[in-house]
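The values are calculated or read from the model by the stated rules, or taken from the named source; none is laboratory data. Everything numeric here is computed off the predicted structure, so don't read it as measured data. When we count neighbours, we look across all protein chains shown, and the Cβ atoms used for this are built from the backbone with ideal geometry, even at glycine.
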Amino acid sequence: MEFEIVERDSMLIVGWQARFVSSLLPNANNSRVIGELWEKTFDLPAVSDLSGSLGGPLWGVIWEDTPDAEELNYLAGVAFSEVPALPEGMTSRAVPAQTYAKTTHRGSLKGLKETIEQLHHWVDEQGYVAPANWHDLELYDDRFLQPGPDQAFDYFISIQRP
């Protein structure tokens with residue numbers, strides 16, 4: 001697995017949001033909660049036809065409201081240039097410009113937990129920590145929409161030096 005450090009500009013994501021318990025915890029419910037969000041998001045016209053939509057790719061955004069919270073937030077959506085009038089149930093999240101550690105997850109989502117654990121381990125080995133206003137990102141482009149062993153998407157965790 002390859003890892004790299006990348007800088008990302010700020011972005012505005014519009015879509016559907018829910019709270020979930022991480023796959024890294026024993027009482028995880030992430031698969032069910034996040035899966036339901038993506039079912040809504042894959043109905044792209046509902047999102048991409050709104051004013052200000054930048055179209056694909058699709059983004060998953062993860063963050064916490066309070067440090068050490070068991071539940072995290074997940075927003076599944078697309079990038080926008082500005083917040084439009086949102087239909088009921090949709091929301092937006094401004095993701096600040098940040099430095100990220102990035103890797104590409106390949107194959108089935110069943111192995112995602114291991115990919116995330118390996119990325120966090122590499123980040124720890126490199127001496128990075130999570131910033132106070134951290135965001136994890138998932139980038140779903142054409143590579144993900146092709147089922148099979150070559151299916152892939154990028155996973156990012158925001159980092160900083162202590």
key: Selection status of residue 48, of a type in the set (Gly, Ala, Ser) and in contact with a strand residue (DSSP E or B) (Cβ under 8 Å, 6 or more places away or on another chain)   = yes
message = Please go through the stretch 94-114 and give me each residue that is closer than 19 Å to residue 34 by Cα and buried (at least 18 other Cβ atoms within 10 Å of the Cβ), ordered by number.
response = 95, 105
key: Check on residue 139, hydrophobic (A, V, I, L, M, F, W, C), out of contact with any helix residue (DSSP H, G or I) (no Cβ under 8 Å at 6 or more places or on another chain), in contact (Cβ under 8 Å) with a residue 40 or more places away in the chain and within 22 Å of residue 67 (Cβ to Cβ)   = no
request  = Please enumerate the residues belonging to the stretch 1-30 that are in contact (Cβ under 8 Å) with a residue 24 or more places away in the chain and within 19 Å of residue 118 (Cβ to Cβ).
outcome  = 1, 2, 3, 4, 5, 6, 22, 23, 24, 25, 30
ask   = If you go through the stretch 70-78 one residue at a time, do you hit one that is over 13 Å from the mean Cα position of the chain (by Cα) and not aromatic (Phe, Trp, Tyr)?
value = yes
ask   = Quick one: in the stretch 134-162, which of the residues that are of a type in the set (S, T, N, Q) and under 26 Å from residue 56 (Cβ atoms) is surrounded by the most Cβ atoms within 10 Å (Cβ to Cβ)?
value = 158
message = Checking the structure you have, find out if any residue of the stretch 131-150 is under 19 Å from residue 35 (Cβ atoms), of a type outside the set (S, T, N, Q), in a helix (DSSP H, G or I) and modelled with pLDDT under 90.
response = no
query = In the stretch 96-112, is there at least one residue being in a strand (DSSP E or B), touching a Pro at 6+ places or on another chain (Cβ under 9 Å), among the polar types (S, T, N, Q) and farther than 15 Å from residue 22 by Cβ?
reply = yes
Test for residue 154: is it among the acidic types (Asp, Glu), touching a Leu at 6+ places or on another chain (Cβ under 9 Å) and closer than 21 Å to residue 32 by Cβ = no
ask   = Across the stretch 27-41, which residue is nearest to the chain's Cα centre (by Cα) among those that are more than 22 Å from residue 152 (Cα to Cα) and among the polar types (S, T, N, Q)?
value = 29
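Residue by residue, here is whether (1) more than 30 Å from residue 127 (Cβ to Cβ); (2) surrounded by 14 or more Cβ atoms within 10 Å (Cβ to Cβ); (3) within 15 Å of the chain's Cα centre (by Cα); (4) modelled with pLDDT of 95 or more holds:
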position	(1), (2), (3), (4)
1	no, no, no, no
15	yes, yes, yes, no
22	no, yes, yes, no
25	no, no, no, no
43	yes, no, no, no
inquiry  = Within the stretch 60-74, take every residue that is within 16 Å of residue 31 (Cα to Cα) and part of a strand (DSSP E or B) and give me the one that is modelled with the lowest pLDDT.
reply    = 71
